[in-house]
Structure formats: C-alpha cells, structure tokens
Amino acid sequence: MKATDLMLGDWVQYTYTPYGQNESRTIVFQVSEIERFARTYFACSTKYGRVCEVEKLQPIPLTAEILEKNGFQWGYTSDEEDIQAVGEGDFEKGWVWDEGAGSVKVIFPDGTDSGEVVIDDQRFDKIIQFLWKEIINVHQLQNALRLCGIEHEIIL
C-alpha cells in the first residue's frame, strides 16, 4: 500500500514473522497515525502498539460477511422501495445499509457484470457511485463513506 491510500481509522492487515519463529502471524488493525521518518512512511496502531511500514501493509477485501456484521441487509434502499411502490424503477438487490442519515448499497461483481457501490447522504447533497471489476477493499469503502459525510464505523 501507499501512504496516500490511507486515512486515519482505515482497517488494514499486517503479516509478520516473530523473531526466532518460523510461522508468520497476521494482525488486523485500524490506522491511528501515519508518520514519515526519512523517506519511509509508517502506520501506527494504538491497539497493538506497533509501527509498520506502510508498504508492508495489505488491504482487507470487502466481503458479504463483513457487511452483514456491520448491519447491512440484503435488499433495496428505502428510496428504491418507494420508487418501486409506485410501479417505476427496476433495481438490483444488494447489500444495503439505510439508516435515514444516509444509505449505502454494495453489489458484488457477478461474472461479466462489474460490482457497484452507491453512497447517498440522503440530503440531496452528495451521492457517490463507483464500479469495480475485481475487489473492493474495506478501507476504500471507509474512505468513500467519509467523502459523503456518512458516519458509519466499520467493525471487523
């Protein structure tokens, strides 16, 4: 990863081999600080008291299990349901978080179709829609939520 890919609070993973051991370990943590020493950027974790080179961090792929753990449900947003109730619109189901202070819909790629994320602040101010073909990572979803001003903390 690059330091420019990260924001404070982003979830990442770090795999390392403890000194004197043969098996590697992976920890998952939220970035609490990003610092630069000389020409190298480091990410810090308050929880683990670790400092890791940003280039050695790995993103965490977003999964349906992570979404479900964070209150997402399979279906339509409330706006989509309202439009369909009057006989208009043809929407695809996806993983939805819709709490009145914003809605998020995630549709994973399916064969030839791209995946899609739609984030709506439901104040008629900010809507983000983006497509991807292979993988979207947890930190990318976190960053998009922040851009729309949606306060929804992702838990792993």
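Of note:
- Structure remark: mean-square fluctuation, Gaussian network model of the chain, C-alpha springs under 10 Å; the largest value among Leu145, Leu67, Leu131 belongs to Leu131.
- Candidates Tyr14, Tyr48, Tyr76, ranked by Gaussian network fluctuation over the chain, Cα under 10 Å, top entry: Tyr48
- Longest site-free stretch - the chain; sites: GluC sites (Glu not before Pro), DSSP loop, at most 15 other Cβ within 10 Å: 24-87
- Using Cβ point charges alone (K and R +1, D and E -1), the dipole size of the range 1-136 about the Cα centre works out to roughly 1120 debye.
- Charge-dipole axis of the chain as Lys and Arg at +1 and Asp and Glu at -1 on Cβ define it, positive-most pick from Thr26, Val12, Gln122: Thr26
- For the chain, a Gaussian network of Cα nodes joined below 10 Å ranks Gly20, Gly75, Gly49 by mean-square fluctuation, and the top entry is Gly20.
- With Cα atoms, 0 to 90° folded angle of helix 138-147 axis to the chain main axis: 60
- Note on Cα extents along the principal axes in Å: of the candidates [x] 80, 31, 21; [y] 65, 32, 24; [z] 55, 30, 27, the value calculated from this structure sits at [y].
Each value in this text was obtained by applying a stated rule to the coordinates, not by laboratory testing. This one's a predicted model, so the numbers in the text were calculated from it and none came from an experiment. Neighbour counts run over all protein chains shown; Cβ positions are idealised from the backbone, glycine included.
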